[in-house]
Amino acid sequence: MQFWKIFSKGLILENPILVLALSLCPALAVTSSVATALTMGATVTFVITCNNVVVSIVRKWINPKVRVPVYIISIATIVTIASLVLQAFLPLLYKDLGIYLELVVVFAIILARAEVFAAKNSVVRSFLDGFGMGCGFIIAMLIIGVIRELLGNGSILGFDILGANYPAALIMVLPPGAFILIGYLVALFRLIVKKWEKRQKVREEALS
Amino acid sequence: MSEQSIHQEDRQTKLLVSSSPHILSNDSTRKIMWTVIIALVPAIVFAIYYFGLPAFQTLAIGGISAVVFEVIVQKIRRKPITVSDGSALLCGLLLAMCLPPQVPVYLPIVGSFLAIVVAKHAMGGLGQNIFNPAHIGRAALMVSWPVAMTSWTKMQSVVDTVTTATPLNILKMQGYEALIDTFGSQTEMYKALFFGLRNGSIGETSAFLLLIGGVFLIYKRYIDWVAPVCMIATVGILTWLFGGSNGIGSGDPLFHMMAGGLIIGAFFMITDYVTTPITRKGKIIFAVGAGTITVIIRLIGGYPEGVCYSILLMNCVTPLIDRFIQPGQYGRK
């Protein structure tokens, strides 16, 4: 039960992009198509999970004064592995992601989970936390990517959905569309979280 | 404004306790909005007469879809339905007036959706929106469908002096001499701009008829004259100074003051109660800023016309202006 809680909080209630508002850069930059958004989501999930495990394993042997450099080295190593794998097996997507793949090293959400969670918790819990956060990241990227590609290009994952006559709204594949969309999605998630908290409160009061 | 309307409706039934000032006036949101719509009527009628059926279609679709979206959103939000106050209709009409007459049917519909749902109700409804809804609609359409928004097909009009590009477009692409050539002479050009015998968006053709509407609103004291005058004067002075090709002071201020969406922007957009500063000093700052940005976009920027963007940019800083231009308390030196 507790493990499920650690895993599931990243999905909606503490969604990294739409609630914590960390790592907005990839959410803006690589979500113009579902394929790049998914690849980026998977990469970040891989990096954040591995890094949480590594940090959790070494947390007792590291002098707190040098913990950040250690985190960065760990993250950079994992990102290099991920980018080499992508380059080898998915060269086209690797090209599409471009500089943003290397930028994963400095994504706030990865460092934040290492510092806030993995440095204080056991390996299993850290793994679940990282994986949950990564899944939340994928969910957010998928929502943004699907809306942007559908409205801005009339397709999903490259398959034509709305037909050839659909007048594509260019704004959705351009940066302003991403900014506006994420702003309104954040507002929507805020609404959901608020409603959920209210319900939780009512339930707790009923119990006590 | 909305508070006043509450005053109106509740005066008979409830004891209303509110903060000062306790001024009773007969102006309600409904009255003001419908008066503004009446002020737009001359320009709308002329545009339909001049551009024909396409303009009527665009205006009708814009207005009707705005009202429909308003009803739907207010139903969803479980708020009282207030379409009869005319604010949604006005918003839809202003949006349609910012569009070229011959646009695909979906443009005014999507524009109204963006204006009413995204720009107005998502921010909290009438009185809460940061940006001018009609201009948000137009800006988003401009980015989304740039080709449809700038296709000035030759109009089947009753007057035969219509060119295929807007005057500002000709100025941007071919220069001032080419602009004069299209109209014949300079006086002919001024005449065409003033009376509206030229191509352009539905609402930006006739400076004369828009001025009539604007002066009517000023006479009714619904808008403050300083804002439009300041904005148009700023555009005039700056284009006169920097607009010409032969050094400072060789520009054509009259052309720039009458061309494009400046008149409708100055009289109907920057006098919006919600998205512009409250105090007169603030209004002057807003108007001068909007005029300056318009000139910068027209003379240096990539787009031929900048009124829409200048007003949206100034909308961003309206709260800032309001904060710095607070009137002093009574009795304070």
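The values are calculated or read from the model by the stated rules, or taken from the named source; none is laboratory data. A quick note: this is a predicted structure, and the numbers were derived from the prediction, not measured. Note: ideal-geometry Cβ built from the backbone for every residue, glycine included; neighbour counts use all protein chains shown.
Take B:Y309 and tell me if it is under 22 Å from B:I32 (Cβ atoms) and aromatic (F, W, Y).
no
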Is there a residue being in contact with an Asp or Glu (Cβ under 9 Å, 6 or more places away or on another chain), within 25 Å of B:N169 (Cβ to Cβ) and either buried (at least 17 other Cβ atoms within 10 Å of the Cβ) or not basic (K, R) (or both) anywhere in the range B:215-236?
no
Is there a residue in the range B:66-87 that is within 11 Å of B:I202 (Cα to Cα), modelled with pLDDT under 90 and within 16 Å of the chain's Cα centre (by Cα)?
no
Mind checking which residues of the range B:89-130 are part of a loop (DSSP other than H, G, I, E, B), within 13 Å of chain A (Cβ to nearest Cβ) and surrounded by 23 or more Cβ atoms within 10 Å (Cβ to Cβ)?
B:V103
Scan the range B:228-257 for residues that are of a type in the set (G, A, S), under 17 Å from B:I297 (Cβ atoms) and in contact with a Gly (Cβ under 8 Å, 6 or more places away or on another chain) and report the count.
2
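Within the range B:131-152, restricting attention to residues that are assigned to a loop (DSSP other than H, G, I, E, B) and within 12 Å of chain A (Cβ to nearest Cβ), which residue is nearest to A:I180 (Cα to Cα)? Lay out the reasoning, then the answer.
Keep residues of the range B:131-152 that are assigned to a loop (DSSP other than H, G, I, E, B), which gives B:131-132, B:145, B:150-152.
Pick out the ones that are also within 12 Å of chain A (Cβ to nearest Cβ) and you get B:131, B:145.
Values: B:F131: 13, B:W145: 17 Å.
Result: B:F131.
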Would you call B:G289 assigned to a loop (DSSP other than H, G, I, E, B) and free of Cβ contacts under 8 Å to residues at least 40 places away in the same chain?
no
Restricting attention to the range A:45-98, and to residues there that are of a type in the set (K, R) and assigned to a helix (DSSP H, G or I), which single residue is nearest to the chain's Cα centre (by Cα)?
A:K95
Flagged pairs (Cβ under 6 angstrom, 6 or more apart or on separate chains; first in the range B:111-137, assigned by TED's automatic domain parsing to the domain that holds B:S87; second outside any loop (DSSP other than H, G, I, E, B) and surrounded by fewer than 20 Cβ atoms within 10 Å (Cβ to Cβ)) are B:V117/B:V73; B:H121/B:V73; B:G127/B:S2; B:N129/B:M123
Just checking, how many residues over the range A:155-193 are at pLDDT below 90 and more than 13 Å from chain B (Cβ to nearest Cβ)?
12
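Results for (1) touching a Phe, Trp or Tyr at 6+ places or on another chain (Cβ under 6 Å); (2) closer than 18 Å to B:F131 by Cα; (3) at pLDDT below 90, shown as yes or no for each residue.
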site	(1), (2), (3)
B:G244	no, no, yes
B:A259	no, no, yes
B:M269	no, yes, yes
B:T276	yes, yes, yes
B:K283	no, yes, no
B:G291	no, yes, no
B:V307	no, yes, yes
B:M314	yes, yes, no
